[in-house]
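Please see the structure below; I have some questions.
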Amino acid sequence: MKNLNVGIVGYGFMGRTHSNAYRQVNNFFPLKHRPVLKAVCGRDAEKVKAFADNWGYESVETDWRKLIERKDIDIIDIATPNNLHAEIAIAAAKAGKMILCEKPLALNAAEAQQIVDAVEKAKVPNMVWYNYRRIPAIALAKQLIDEGKLGKIFHYRAKFLQDWTINADVPQGGAGTWRLDVNVAGSGVTGDLLAHCIDTALWLNGSIDKVTAMTETFVKERKHTETGKMQKVGIDDAAAFLARFSNGSLATFESTRYARGHKALYTFEINGEHASLSWDLHDLHRLQMFDHRDPGYVRGWRSIHVTDGDQPYMKHWWVPGLQIGYEESFVHQVADFLKGLEDGKSVGPTFKDGLATDKVTDAVLKSAQTGRWESCQ
Ligand SMILES: NC(=O)c1ccc[n+]([C@@H]2O[C@H](COP(=O)([O-])OP(=O)(O)OC[C@H]3O[C@@H](n4cnc5c(N)ncnc54)[C@H](O)[C@@H]3O)[C@@H](O)[C@H]2O)c1
């Protein structure tokens with residue numbers, strides 16, 4: 001067993017999911033590498049020390065540049081707001097580190113391209129944390145599509161709905177609300193939520209040729225946490241777009257933080273000539289399937305409880321019938337990354353895949369401005 005020392009930047013929501021994954025992975029997956037929680041980096045020395053003590057990190061840093069300089073760090077894990085991804089990733093690539101970066105890969109596709117160039121030059125293993133690919137029910141959907149069970153695909157539709165920014169008093173910028181500051185987030189729901197829907201869609205249904213989109217910013221001004229002043233809001237609060245996939249299928253995507261009652265409703269459906277699949281984050285261990293080839297008298301939507309040993313990832317967990325949840329998708333992502341190192345294969349979503357998603361989100365934002373169909377290539 002070879003130890004791989006992890007240095008993580010950021011100890012918020014994703015800092016926790018990643019740390020949990022590193023701690024669990026070797027207990028459940030037979031692998032030749034073991035991630036070691038070597039160092040966590042954050043700007044607040046007291047808070048970062050408390051995080052390190054809670055999760056078992058051996059050391060702390062308050063400057064990510066120092067973390068990257070350290071010879072005892074093998075993997076740099078970027079769990080910071082979006083505006084820092086490029087700078088940290090490019091420096092980490094130059095230092096020859098392996099890199100796991102949160103999504104979206106960058107603020108826009110041009111910046112993402114620079115990150116891809118840096119990792120390709122440095123030849124370092126890299127992956128973006130689009131963790132939904134590793135939910136067993138979604139991995140099963142991928143398997144069924146690849147096996148041809150759906151036949152020709154006609155439609156893909158996805159949405160990701162939240163409601164946490166309806167109140168105009170929610171500020172922009174700073175801890176907790178950096179997602180509302182366009183300079184830090186890059187965009188609103190398009191880069192934050194639709195990016196997940198797009199990554200899953202590209203994985204399941206192939207590339208998108210072009211999109212036509214509309215976006216809206218419902219609250220035009222919000223107080224900025226750092227300046228204390230009311231400032232123009234630069235993010236999209238809601239976005240919807242139509243897409244044409246290269247395989248000829250038509251798609252609709254929608255995301256908003258103004259759908260009262262919805263906290264994190266990510267759903268998608270895919271309709272093929274023989275069968276349809278649908279999935280819902282609120283019931284993430286289930287995949288719904290309708291297969292027209294079933295005999296007519298039993299034909300109907302079936303709800304597949306994805307918990308059995310012959311379904312993706314599940315043989316590593318409990319016994320058939322017992323489900324797993326959100327956190328395990330991150331464990332699977334680490335397991336697949338480490339297996340890729342073992343086999344000498346790069347495992348998606350790589351930074352190149354992250355760039356493909358950023359090209360689509362760029363096209364969505366551009367189309368919302370121009371009112372025209374925009375190419376995603
Ligand atoms: N894969 C997913 O499902 C998923 C879910 C949520 C967030 N994300 C992504 O993860 C990233 C982080 O999001 P989050 O929800 O964890 O945010 P968060 O606000 O909870 O945490 C961000 C962390 O980054 C730290 N940070 C900020 N500036 C820093 C700096 N200069 N140096 C060191 N640390 C710094 C903050 O102190 C904090 O610990 C974002 O890119 C986001 O889009 C992905």
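I'd like to check which strands (runs of 3 or more DSSP E) are fully inside region 36-112 and have at least 3 residues that are over 25 Å from the mean Cα position of the chain (by Cα) and either away from the ligand (no atom under 12 Å from the Cβ) or not assigned by TED's automatic domain parsing to the domain that holds residue 184 (or both).
59-61
Can you pull out every residue in region 33-52 that is among the small types (Gly, Ala, Ser) and free of Cβ contacts under 8 Å to residues at least 12 places away in the same chain?
50
Right, here's the next one. Looking at 225, 252, can you tell me which residue is β-branched (Val, Ile, Thr) and either more than 23 Å from the chain's Cα centre (by Cα) or under 28 Å from residue 336 (Cα atoms) (or both)?
The unique qualifying residue is 225.
Sticking with this structure for a sec: Considering region 1-35 alone, what residues qualify as being among the β-branched types (Val, Ile, Thr) and not in a helix (DSSP H, G or I)?
Correct list: 6, 8, 9.
Which pairs have Cβ atoms under 8 Å, sit 6 or more apart or on different chains, and link a residue in region 6-20 that is assigned by TED's automatic domain parsing to the domain that holds residue 54 and at positive phi to one that is hydrophobic (A, V, I, L, M, F, W, C) and near the ligand (Cβ under 6 Å from one of its atoms)?
10/41; 10/79
Here is a further query. For region 304-314, indicate whether the set of residues that are surrounded by 15 or more Cβ atoms within 10 Å (Cβ to Cβ) and within 18 Å of the chain's Cα centre (by Cα) is non-empty.
The answer is no, given that none of the residues of region 304-314 is surrounded by 15 or more Cβ atoms within 10 Å (Cβ to Cβ) and within 18 Å of the chain's Cα centre (by Cα).
Residue 368 versus (1) part of a loop (DSSP other than H, G, I, E, B); (2) crowded, with 19+ Cβ neighbours inside 10 Å: which is the lone unmet condition?
If we test residue 368 against (1) part of a loop (DSSP other than H, G, I, E, B); (2) crowded, with 19+ Cβ neighbours inside 10 Å, just (1) comes out false.
Further, regarding this structure: Any residue in region 129-150 that's at pLDDT 95 or above: show its pairings with residues that are within 16 Å of the ligand (Cβ to nearest atom) and of a type in the set (Asp, Glu) at Cβ separation under 6 Å, as long as the two are six or more apart or on different chains.
Correct list of pairs: 129/102; 130/199.
Still on this structure, please answer the following. Being assigned to a loop (DSSP other than H, G, I, E, B) and touching a helix residue (DSSP H, G or I) at 6+ places or on another chain (Cβ under 7 Å) is the filter; apply it to region 242-273 and report the residue that is surrounded by the most Cβ atoms within 10 Å (Cβ to Cβ).
Filtering region 242-273 for residues that are assigned to a loop (DSSP other than H, G, I, E, B) and touching a helix residue (DSSP H, G or I) at 6+ places or on another chain (Cβ under 7 Å), the one surrounded by the most Cβ atoms within 10 Å (Cβ to Cβ) comes out as 257.
Return yes or no: is residue 239 outside any helix (DSSP H, G or I), under 14 Å from residue 360 (Cα atoms) and within 16 Å of the ligand (Cβ to nearest atom)?
Criteria met by residue 239.
Continuing with the same structure: Applying the selection to region 228-254, what residues are touching an Asp or Glu at 6+ places or on another chain (Cβ under 8 Å), among the small types (Gly, Ala, Ser) and more than 14 Å from residue 155 (Cα to Cα)?
234, 238, 239, 240
Same structure, new question: I'm checking my understanding of the structure. Among residues of region 159-199 that are assigned to a loop (DSSP other than H, G, I, E, B) and hydrophobic (A, V, I, L, M, F, W, C), which one is nearest to the ligand (Cβ to nearest atom)?
The extreme case among them is 175.
Among the residues of region 25-41, is any more than 28 Å from residue 324 (Cβ to Cβ) and buried (at least 17 other Cβ atoms within 10 Å of the Cβ)?
yes
Do we find that residue 362 is in contact with a helix residue (DSSP H, G or I) (Cβ under 7 Å, 6 or more places away or on another chain), outside any helix (DSSP H, G or I) and more than 22 Å from residue 14 (Cβ to Cβ) in this structure?
Criteria not met by residue 362.
Right, next: Going by the conditions given, is residue 339 closer than 26 Å to residue 186 by Cα and in a helix (DSSP H, G or I)?
No.
The values are calculated or read from the model by the stated rules, or taken from the named source; none is laboratory data. Worth saying up front: this structure is predicted, and the values here are computed from it rather than measured. Glycine gets a Cβ as well: all are built from the backbone with ideal geometry, and neighbour counts include every protein chain shown.
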